[in-house]
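The values are calculated or read from the model by the stated rules, or taken from the named source; none is laboratory data. Given the structure is predicted, the values throughout are model-derived calculations rather than measurements. Glycine gets a Cβ as well: all are built from the backbone with ideal geometry, and neighbour counts include every protein chain shown.
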Amino acid sequence: MTAPITTAGVPPAGAVFPKKSYLNDGTTIRSWLLTHDHKRIALLYLVAVLIALFLGGVFAMVIRLELLTPGPTIVEALTYNRMFTLHGLIMIFMFMIPAIPAVFGNFFLPIMLGAKDVAFPKWNLTSWYVYIAGSTLMLWGLITGGADTGWTFYTPYSTTTTTNITPVMLGVFIIGFSSILTGLNFIVTIHTLRAPGVTWFRMPLFVWAVYATSIIQVLATPVLGLTTLLVAAEHTFGFGFFDPARGGDPILFQHLFWFYSHPAVYIMVLPAMGVISEVICAVARKNIFGYKMIAMSSLGIAFVGFFAWGHHLFTSGQSAFDAGAFAAISMLVGVFTAIKVFNWVGTLYKGAIAFTAPFAYICGFLFFLVFGGMTGVALATVSLDVHWQDTYFVVAHFHFIMVGAVIMGFLAALHYWFPKMFGRKYPENWGLLAAGLIVLGFNATFIPQFLLGNAGMPRRYYEYPERFAALNVASTAGASLLAFGFIIIAIYLAISLKYGEVAGRNPWGSRGYEWDVPSPPPTENFDAVPVFTRGPHEYQDVPEELAKVGHAI
Amino acid sequence: MATTTPHAAAAHAKHETGPSRLVLNWLVLCGLTFATFGFSQLPISPGMHLAAALTISTVKVVLVVLIFMHLWHGEGINRIVFVTSFVFLLLLMFFVMADVVTRFPLSNSRIPPMPQVDQKMMPSGMPPGMSNVPQGHSGGPGPSSGEAGKQ
Amino acid sequence: MQSSAARKMTPEGWLEPPPLPHHYDTIENHQAALRFGMWLFLGTEVLLFAGIFLGYFVFRHYFPESFEQAARHLSVVLGTANTLLLLTSSLTVALAHHNAEHGKNRNAFWLLMASVSMGAGFLGIKAVEYTEKFHEGALPGKFFSFSEITAPGGPVFYVVYFFSTGLHALHVVVGMSLLTWVAIRCWRKEFSPTYYAPVENAGLYWHLVDLVWIFLYPLLYLV
């Protein structure tokens, strides 16, 4: 039995980089591409989603630059339509859905459970290849076919457009397979590979969040798969399933599409919430407040979130009965989210807060989640939605949740776990500067969009009246700030990979299970089956010298 | 002989469904198939036909799942997984059917485009799918459709 | 999968189970994980078919007359024969599972091959039905030219019909490949009381194919 679990180590002065770790266990490209190690697969995913983030960001900047002036600015109208389609599809299917679960979930879930790997390592690797294949097909289809439907593929436009959307639909279908495989793997891992001592209510909250996410992935994604197949078949063969001219029902498409795509929002945001639960007690140096409530509210969001999809259909001809039912259920999501927010704030209260980059992202996360959530509750009110439907208000709302909250969670995770994943620290001052720029940039980008939407500017329009110009300029300026922040992060993290200070086992003085293995962890994670004798977020018995390690980096 | 090893004994104790029970289950399933067919020939209303067919099919599915797929003796978690997937299927159907049944008639596709309407006759700005709605629409389906109309 | 070449034959007449993956503590735990994973996958299959069943009920609600007319034009005899074929193949798969679990690999092999041939028979009958539909012009969407369905909504019925049976037939093909694969492994005597999860999982998949058809049969052919 090794002792890593009970000794949450203090960063020893002049920590040495471990000689053997998962990073240098095989250095050939082949050893990376054929690996079954969950940590290496996590890095493969990290590279892929960062490329996706870059691409999606570039297209976002093209959209913002185009909207800088009321008339045509840099691209033509049709190109603009293609740009927002590319931006939406890349960001959602290639970046946000796999971002936190497939990268940080893959890396830390087995370690947090005391397991050596996920339940089905081969399928785990397969899921990455499936993701790459699906993404390639989707991108190829988008670029050669020039799909201009937006990421929602609403029928009957998507089934009658002259652009070739079939490869795009099949690409989305294939990416869905990868998502199912990841979720399935995690669920089985959590059920069968918990080490002695890791009972259900001793699992780290990140694991609970990923568990809830995986349930959604497994249950919702097949419905999207069928929908994409139906749209592809309809576009290719003229089936008329969703075409009113042939007796089909376009609203049925919206039901099927949002049965996946609304829960998909929780596939993106729940893992981010899990990250926040982990990081918040490490930076506040306090036990998590309301562990069971946070864990159960994840499952609550996963369940209730499934039956809120109809709030996307308020103005589509859905019946008044369904609209009322879906509005009421949508409000319940707010209740569960509020439970989490209050517990996080309760955790911060009277904590010995270390003002680090992860903490800055937590602040950003809380602000964006509350602001985005509140506007979400407003949008779920049928009568208000009639006014805001398809305006920039909706765009700003879902960017606050999906970009604001999810990116904050992603960046918090990246900074908090960077020392564990690569064994080196990042420069804290640069981290804080970039975090400040990004939080400021997000607000500057999307708060004007709330105002634009409320004033009536519709989404996805190429041109707009003169009176919207000032706010659009502000939004574009904010987006540039945001891009600048990301560039800074990319630079200092890339430098830190090689030249960063050696982190040691536990630079944050965190009590999370994952900090008890070396940084970077060895291939097998643990020398023997670990036994966990305490919960994952317990700081009451922190040794005195550890309690002083506020500013870890 | 296989059953003499301790492993086999353990495996046997875990799955008690022997061949005779499998065959019996198959006979019952075949019987139920003919019962479905028999019911479909009875002179009852279409709604009753549907109800009878769905009930018998559900019984058959339960038999296959419990006996052939060993859920009767299987791990509880597998039962939860399967039941959950059906619960989500039913909830998907419930909400969509609730919409379809209570929808404002002009926004559904009940009326097919059998006679093509001349495009020039249509009010301008109307999408093609709407062209044939007014001619065939007869009788509002439900009370809530009226409420939807007022919005 | 693991090659059987390196594994020794036990006195009981089957190969030793493949080495346990390093991250599992017991073989039982590994088998349970494989079974659990399969059940989760079956859950995804249920929801994959959910959409098409939903389509059936939605369009049946819109076009009850044409759905009844169209059901009368499907061959009940062929449909019932296919149902019985699939039920019987499910029985042989369940029996194969039972035999593999007791190390009777040869029995399991023949039972699995029987299931595969019944699956092929199912596809053959399906092909006959499809051919007939093509000749009649009873086809989905814009290809629809079937004069005997007078009520509106005929094209939509055939979208549901072809999409559901087509997707199901695809699953039959996948199921047949899985069964063939485990049948070959049965022939090599790979399964034993401690290691039979592949037979069980392939069998579970086949039973699911049967479950989908149990619902499709009365909905399409009878009511």
When region A:375-386 is checked residue by residue, the ones that are touching a residue at least 12 places away in the same chain (Cβ under 8 Å) and not hydroxyl-bearing (Ser, Thr, Tyr) are A:Gly376, A:Val377, A:Leu379, A:Ala380, A:Val382, A:Asp385, A:Val386
Scanning region A:281-323 for residues that are small (Gly, Ala, Ser) and either at pLDDT 95 or above or within 22 Å of the chain's Cα centre (by Cα) (or both) gives A:Ala282, A:Ala295, A:Ser297, A:Ser298, A:Gly300, A:Ala302, A:Gly305, A:Ala308
Taking region C:169-223 and keeping only residues that are crowded, with 21+ Cβ neighbours inside 10 Å, more than 9 Å from chain B (Cβ to nearest Cβ) and free of Cβ contacts under 8 Å to residues at least 12 places away in the same chain, one is left with none
Restricting attention to region C:111-136, the residues that are within 14 Å of another protein chain (Cβ to nearest Cβ) and over 21 Å from B:Leu27 (Cα atoms) number exactly 1
Checking C:Glu12, C:Glu28 in turn, the sole residue that is farther than 24 Å from C:Thr165 by Cβ and part of a loop (DSSP other than H, G, I, E, B) turns out to be C:Glu12
Flagged in region C:30-68 as at pLDDT below 90 and of a type in the set (S, T, N, Q), in numbering order, are C:Ser66
Of the residues in region B:66-79 that are crowded, with 19+ Cβ neighbours inside 10 Å and within 7 Å of chain C (Cβ to nearest Cβ), the one that is nearest to B:Thr17 (Cα to Cα) is B:Phe68
Discussion item. Among the residues of region B:11-22, are any within 30 Å of C:Val223 (Cβ to Cβ) and at pLDDT 90 or above?
Written reply: yes
- Message: Quick check on region A:508-521. Is at least one of its residues in a helix (DSSP H, G or I) and out of contact with any Lys or Arg (no Cβ under 8 Å at 6 or more places or on another chain)?
- Response: yes
When region A:341-388 is checked residue by residue, the ones that are basic (Lys, Arg) and at pLDDT 95 or above are none
Exactly one of C:Ala127, C:Ala120 is of a type in the set (Gly, Ala, Ser) and free of Cβ contacts under 8 Å to residues at least 12 places away in the same chain, and that one is C:Ala127
For region C:131-161, the count of residues that are surrounded by 17 or more Cβ atoms within 10 Å (Cβ to Cβ) and under 24 Å from C:Phe215 (Cβ atoms) equals 15
Inside region C:26-79, the number of residues satisfying the requirement of being within 21 Å of the chain's Cα centre (by Cα), more than 9 Å from chain B (Cβ to nearest Cβ) and closer than 20 Å to A:Trp123 by Cβ is 4
Per the list (1) part of a helix (DSSP H, G or I); (2) under 30 Å from B:Leu24 (Cβ atoms); (3) at the interface with chain B (Cβ under 10 Å from one of its Cβ atoms), residue check on C:Gly103 breaks on (1)
In region C:12-25, residues that are surrounded by fewer than 19 Cβ atoms within 10 Å (Cβ to Cβ) and at the interface with chain B (Cβ under 10 Å from one of its Cβ atoms) total 2
Within region C:108-162, of all residues that are outside any loop (DSSP other than H, G, I, E, B) and in contact with a Pro (Cβ under 7 Å, 6 or more places away or on another chain), the one modelled with the lowest pLDDT is C:Gly141
Exercise for the section: State whether one or more residues within region A:144-154 are out of contact with any Cys (no Cβ under 6 Å at 6 or more places or on another chain) and in a helix (DSSP H, G or I). Expected result: yes
Note on region A:464-479: residues in contact (Cβ under 8 Å) with a residue 60 or more places away in the chain and either within 26 Å of the chain's Cα centre (by Cα) or surrounded by fewer than 17 Cβ atoms within 10 Å (Cβ to Cβ) (or both) are A:Pro465, A:Glu466, A:Ala469, A:Val473, A:Ser475, A:Thr476, A:Ala479
Residue under question is A:Gly485, and the condition is that it be part of a helix (DSSP H, G or I), closer than 30 Å to A:Phe17 by Cα, under 23 Å from the mean Cα position of the chain (by Cα) and not aromatic (Phe, Trp, Tyr); does it hold? yes
Requiring at least 3 residues that are within 26 Å of the chain's Cα centre (by Cα) and at pLDDT 50 or above, the helices (runs of 4 or more DSSP H) wholly within region B:33-142 are B:46-63, B:76-102
Looking across region B:80-104 at residues that are of a type in the set (Phe, Trp, Tyr) and facing chain C (nearest Cβ under 7 Å), the single one that is surrounded by the most Cβ atoms within 10 Å (Cβ to Cβ) is B:Phe88
(Q) Yes or no: region A:414-429 includes at least one residue that is assigned to a helix (DSSP H, G or I) and closer than 15 Å to A:Val265 by Cα. (A) no
